[in-house]
Amino acid sequence: MIVLSCHNLVKDFLVAGKQTRVINGVSCQFEQGEFVSVMGPSGSGKSTFLYLLSGIEKKTSGSVQILGKEIDQYNEKEISKLRSSDISFIFQAYNLIPNFTVYENVITPLLIGKKKVNEQDVDNVLASVGLKKYKNSPVTMLSGGEQQRVAIARALITKPKILFADEATGNLDSKTVVAVMKLLQKINELTNITIIHVTHSEKCALYGHRILNMLDGKIISDRKVTNRL
Ligand SMILES: Nc1ncnc2c1ncn2[C@@H]1O[C@H](COP(=O)(O)OP(=O)(O)OP(=O)(O)O)[C@@H](O)[C@H]1O
Ligand SMILES: [Mg+2]
């Protein structure tokens, strides 16, 4: 089943006073349960592509279909439901709330989405990222890898169908990178969530099923990974 697709997607930005085409007619489809890596040089449009696919950034033209519906057809309320439950993001900078505990950080999206906190769900998601024992610790006490795992738990607590990760391992040392990539892979296999992960690392890209390569706002290659890690 296709959960996400775009057709002739275009995004123009005013860069230094000049109208610039940052995404230049991209068409692409993502299946449920696919783990896709997006690569390409700095400035090629990877982050912008993710923001357009998730509706965070408004497209200039073309179409984006999320979970079977054209993004333009979503009203404000549906868009906010989409953002608070069906899709999640993790970033290079973990974006945790420093004065909060692990638990408080993880439940934040539920509070924002005005949803009930199911304690069992919180325990399960913390166990899945191996952080149950840090549940009541302030996040500032944790290592970088642990903080990113808190961010992953926070992204998963709403049981999203699509997880976007923008250089989620960009700030981590190589050993921790492997642990986080294996964790994403495990979550993908267990929950059949669709993951779209931007990375600059050739090795990280091999944890996915498929690699998209971007250049100058276009997808220049789209291939299956045959030697998956
Ligand atoms: N909000 C914005 N306003 C103006 N220009 C922007 C904006 N966001 C991105 N751009 C421009 O769009 C181009 C693509 O940026 P984008 O962040 O998508 O690249 P990227 O592939 O994610 O790069 P990196 O690997 O460095 O993160 C860049 O030239 C950037 O300056
Ligand atoms: Mg980027």
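The values are calculated or read from the model by the stated rules, or taken from the named source; none is laboratory data. The structure presented is a predicted model; accordingly, all values stated were derived computationally and were not measured. Here the Cβ positions follow ideal geometry from the backbone for every residue, glycine too, while neighbour counts run over all protein chains shown.
Every condition in (1) under 19 Å from D86 (Cα atoms); (2) surrounded by fewer than 16 Cβ atoms within 10 Å (Cβ to Cβ) is met by D123 except one, and the failing one is (1). Against the condition basic (K, R) and within 12 Å of I152 (Cβ to Cβ), how does K186 come out, does it pass? So K186 passes the test. Quick check: is even one residue across the range 198-211 within 16 Å of the chain's Cα centre (by Cα) and of a type in the set (K, R)? Yes.
This table checks each residue for (1) within 18 Å of F91 (Cβ to Cβ); (2) of a type in the set (K, R); (3) outside any loop (DSSP other than H, G, I, E, B).
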site	(1), (2), (3)
D121	no, no, yes
A155	yes, no, yes
T158	yes, no, no
G170	yes, no, no
T176	yes, no, yes
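Could we say that V10 is part of a strand (DSSP E or B), within 16 Å of ligand 1 (Cβ to nearest atom) and at pLDDT 95 or above here? In short, yes. Within the range 173-209, being of a type outside the set (S, T, Y), surrounded by fewer than 20 Cβ atoms within 10 Å (Cβ to Cβ) and within 16 Å of ligand 1 (Cβ to nearest atom) holds for H200, E202. Among residues of the range 200-227 that are among the aromatic types (F, W, Y), those with a beta-carbon under 9 Å from a residue that is part of a loop (DSSP other than H, G, I, E, B) and loosely packed, with under 15 Cβ neighbours inside 10 Å at least six positions away or on a different chain give the pairs Y207/R228; Y207/L229.
Of the residues making up the range 163-183, just one is more than 12 Å from I152 (Cβ to Cβ), small (G, A, S) and within 16 Å of ligand 2 (Cβ to nearest atom), namely G170. For the range 26-78, a residue qualifies if it is among the small types (G, A, S), within 16 Å of ligand 2 (Cβ to nearest atom) and assigned to a loop (DSSP other than H, G, I, E, B), and the qualifying residues are G40, S42, G43, S44, G45, S54. Could you identify the single residue in L163, L183, L172 that is within 15 Å of the chain's Cα centre (by Cα) and at pLDDT below 95? Residue meeting the stated conditions: L183. Those residues that are of a type in the set (A, V, I, L, M, F, W, C), crowded, with 16+ Cβ neighbours inside 10 Å and within 16 Å of ligand 1 (Cβ to nearest atom), I need them from the range 210-229; list them, please. Answer for the range 210-229, where residues must be of a type in the set (A, V, I, L, M, F, W, C), crowded, with 16+ Cβ neighbours inside 10 Å and within 16 Å of ligand 1 (Cβ to nearest atom): I211, L212, M214, I219. Taking the range 156-172 as the range and being small (G, A, S) and surrounded by 24 or more Cβ atoms within 10 Å (Cβ to Cβ) as the test, the residues that pass are A165, A168. Inspect the range 54-61 for any residue being within 16 Å of ligand 1 (Cβ to nearest atom), of a type in the set (A, V, I, L, M) and exposed (fewer than 13 other Cβ atoms within 10 Å of the Cβ) and give the result as yes or no. The answer is no; no qualifying residue exists. So for the range 66-77 (the condition being under 19 Å from N8 (Cα atoms) and within 16 Å of ligand 1 (Cβ to nearest atom)), does at least one residue qualify? Within the range 66-77 (the criterion being under 19 Å from N8 (Cα atoms) and within 16 Å of ligand 1 (Cβ to nearest atom)), the answer is no, since none of the residues qualifies.
The number of residues in the range 98-116 that are exposed (fewer than 13 other Cβ atoms within 10 Å of the Cβ) and β-branched (V, I, T) comes to 1.
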